[in-house]
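Structure first, commentary second.
Just so it is clear, none of the values below were taken in a lab; they were calculated from the coordinates. All values derive from a computational prediction rather than experimental measurement. We place every Cβ from the backbone using ideal geometry, glycine too, and count neighbours over all the protein chains shown.
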Amino acid sequence: MSSNTLRELGVEYEKAAEQIKEIIDKKRKKLRGLKNSVCSNEAYELKSELHKLYAQHRETQEIAEYLKSYYEPSSRTRQIFDY
């Protein structure tokens with residue numbers, strides 16, 4: 001088992017969020033390049049994937065911030081997810 005601190009783990013989550021963002025950017029570029037992107041199956045699949053990736057990106061960023069600020073006094077009363 002690794003001996004990372006929560007702050008270090010938060011930094012790893014930030015890196016993961018950046019990787020997810022890169023995937024999102026690639027899929028958005030692919031979606032923009034589709035002809036008839038409004039109603040094609042490929043467009044629908046890309047939009048569905050993007051929807052899931054947006055949620056994953058947001059949650060990964062929130063977890064990163066939570067871990068990095070875990071020991072700060074103001075973080076004791078904060079929930080991991082505010083929604």
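Pull out the extension gain between residue 27 and residue 58, defined as 0.36 nm times the separation in residues minus the alpha carbon to alpha carbon distance; nm, one decimal.
9.5 nm
Could you check the simple spin-label distance between residue 51 and residue 19, using points 7 Å along Cα→Cβ, in nm with one decimal?
For residue 51 paired with residue 19, the spin-label model returns 2.6 nm.
Would you list, by chain and number, the aspartates and glutamates whose Cα falls below 20 Å from the Cα of residue 35, excluding same-chain residues fewer than 8 positions away?
25, 45, 49
Distance cut-off 20 Å, Cα to Cα: go down the list 27/68; 26/47; 26/68; 29/52 and report the pairs above it.
27/68; 26/68
How large is ³J(HN,Hα), in whole Hz, for each residue of segment 5-12 in order, when computed from phi with the Karplus curve 6.51 cos²θ - 1.76 cosθ + 1.60 and θ = phi - 60°, using x for Gly and Pro?
In residue order, the calculated couplings are 7, 4, 5, 5, 5, x, 5, 5 Hz.
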